[in-house]
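The values are calculated or read from the model by the stated rules, or taken from the named source; none is laboratory data. All values derive from a computational prediction rather than experimental measurement. A quick note on method: Cβ atoms are made from the backbone with ideal geometry, for glycine too, and the neighbour counts reach across all protein chains shown. Heads up: the accessible areas ignore ligands, DNA and RNA and are worked out on the full protein's heavy atoms, side chains in. Shrake-Rupley method; radii C 1.70, N 1.55, O 1.52, S 1.80 Å.
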Amino acid sequence: MFQSFRQKYLVHFWDTGKGMIALGIISAAYFGLFGGVWAVTGEMTRWGGEFLELFGMDLSSYSYYKKQNLNGTPLTRTDGLMLIGMFIGALVAALWANKVKFRLPASNVRIFQAIVGGILSGFGARLAFGCNLANFFTGLPYFSLHTWVFTIFMILGIYIGVKVCNMPFFKPRATLQKSNGTSAHIAPSPARAKRHFVYGCIVFALFIVWFIYLVTHNPALDVKVKQSLLALALLFGFVFGFIISRAQVCFTSCFRDLFLFGRSIATQGAIVGMIAASLLAFCFMLLGHQAKVVDISLGVVIGAFLFGFGIVFAGGCECGWAYRACEGQTHFMIVGIANVLGTMILALSYDYFPQSIKEGAKINLLQTFGALNGFGISLLLFVITLILVSVYKYKFFKAKV
């Protein structure tokens, strides 16, 4: 019985669409508990700033790092523990599935794409004050109009990125080899799978010990006291990381695969997940929760485009590179480092940008149009997006006939 459970839930990949829906619901629960959305690049920006401080750099005069608040450490911030938990969850999932294998980038061109794409996506995400989590998947359900502007220009960036990556120079080069008639497939080693499963169990056990330590060494649970939520932040991060690994969730694929192959499983799953999240978020907001509202500025437009182009050029978004790096793919380790570097470049140069790029109108749909009307407008926009995806898919395959 255990072997059947292991194969079905720990080895075989989960349905991506269902994974997206689950993430939407869990992220709404996260919002209800923590009062903030599931996001990663903000904390990555702090990590970049703390790296600079480690080498003696004084960041007190940089306004962007002031906005990001470098107080505490990744081990004392809920966002920090959530992000660490994501990496642990993705690693455990990869080990249990026997997917961990050290792999070098396929070519120098791919390394170039990893560096440039990673920097552009990190830079763009922070210019727009959010990536495809805070400004898309965990952004659209929370009624700030800037997230719809971000999504439109992110999709445009993804579309251009797909066109550029389809150029012959960037396409992978395959070499044909003469076959001797025998299959080149090598069956996975049962001993290796067993060994990796044990490693995964050890990491999971250490995670449980850490979780229990945080539960017993922090104040009694109180949603108004952030310090009391550290254990929950670690747990939520683990769940997020485990799901994105098992369901192979990379938000880049939502529109990239739609444009390339007419594949809409991830896109439709993400939209249904966001609709579910918006229903829950609306209830939380009626109870007094407030979501972040960002200026609809030129910075959001430019940042969204650079981010969309960057994630396609690099081959993965923050979620995508995180779980693939945990699988041992060095290409995505490079993407991750370049991503953090991109946030550092943005933060250090932000004060030199003109105010016309940074400023704009803040529009919360619930406050501007009234609670029920704003909620209805948000649902209508989701339905229109779902229809547009279906129409694009229909026309894509009709053109292939």
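Couple of notes before you dig in:
- In the set (1) within 18 Å of PHE153 (Cβ to Cβ); (2) part of a loop (DSSP other than H, G, I, E, B); (3) open to solvent by 30 Å² or more (accessible area, probe 1.4 Å), the condition left unmet by VAL294 is number (3).
- Scan the range 211-253 for residues that are open to solvent by 30 Å² or more (accessible area, probe 1.4 Å) and touching a Ser or Thr at 6+ places or on another chain (Cβ under 7 Å) and the total you get is 7.
- Test result for VAL340, in contact with a helix residue (DSSP H, G or I) (Cβ under 6 Å, 6 or more places away or on another chain), assigned to a helix (DSSP H, G or I) and under 22 Å from GLU318 (Cβ atoms): yes
- The residues on offer are PHE87, PHE55, and the sole one that is more than 24 Å from THR267 (Cβ to Cβ) and at pLDDT 95 or above is PHE87.
- The one condition from (1) more than 19 Å from the chain's Cα centre (by Cα); (2) surrounded by 15 or more Cβ atoms within 10 Å (Cβ to Cβ); (3) not hydrophobic (A, V, I, L, M, F, W, C) that HIS331 does not meet is (1).
- Checking each residue in the range 241-253 for being at pLDDT 90 or above and either part of a helix (DSSP H, G or I) or in contact with a strand residue (DSSP E or B) (Cβ under 7 Å, 6 or more places away or on another chain) (or both) picks out GLY241, PHE242, ILE243, ILE244, SER245, ARG246.
- Scanning the range 352-378 for residues that are farther than 17 Å from LEU279 by Cβ and hydrophobic (A, V, I, L, M, F, W, C), we see that the one that is farthest from the chain's Cα centre (by Cα) is PHE369.
- Picking from residues in the range 387-401 that are modelled with pLDDT under 90 and among the aliphatic types (A, V, I, L, M), the one that is least open to solvent (accessible area, probe 1.4 Å) is ALA399.
- One residue alone among PHE313, PHE309 is open to solvent by less than 20 Å² (accessible area, probe 1.4 Å), among the aromatic types (Phe, Trp, Tyr) and under 19 Å from the mean Cα position of the chain (by Cα), and that residue is PHE313.
- Residue match in the range 374-397 (condition: among the aliphatic types (A, V, I, L, M), touching a residue at least 24 places away in the same chain (Cβ under 8 Å), in a helix (DSSP H, G or I) and under 14 Å from LEU127 (Cβ atoms)): no
Results for (1) in a helix (DSSP H, G or I); (2) under 25 Å from LYS224 (Cα atoms), shown as yes or no for each residue.
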| site | (1), (2) |
| --- | --- |
| GLU43 | yes, yes |
| GLU53 | yes, no |
| GLY72 | no, yes |
| LEU75 | no, yes |
| MET82 | yes, yes |
| VAL92 | yes, no |
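- Looking only at the range 49-108, and only at residues there that are surrounded by fewer than 16 Cβ atoms within 10 Å (Cβ to Cβ) and among the hydrophobic types (A, V, I, L, M, F, W, C), the one that is nearest to ALA325 (Cα to Cα): PHE102
- The condition of being more than 16 Å from PHE282 (Cβ to Cβ), β-branched (Val, Ile, Thr), in contact with a Lys or Arg (Cβ under 8 Å, 6 or more places away or on another chain) and touching a residue at least 24 places away in the same chain (Cβ under 8 Å) holds for THR343.
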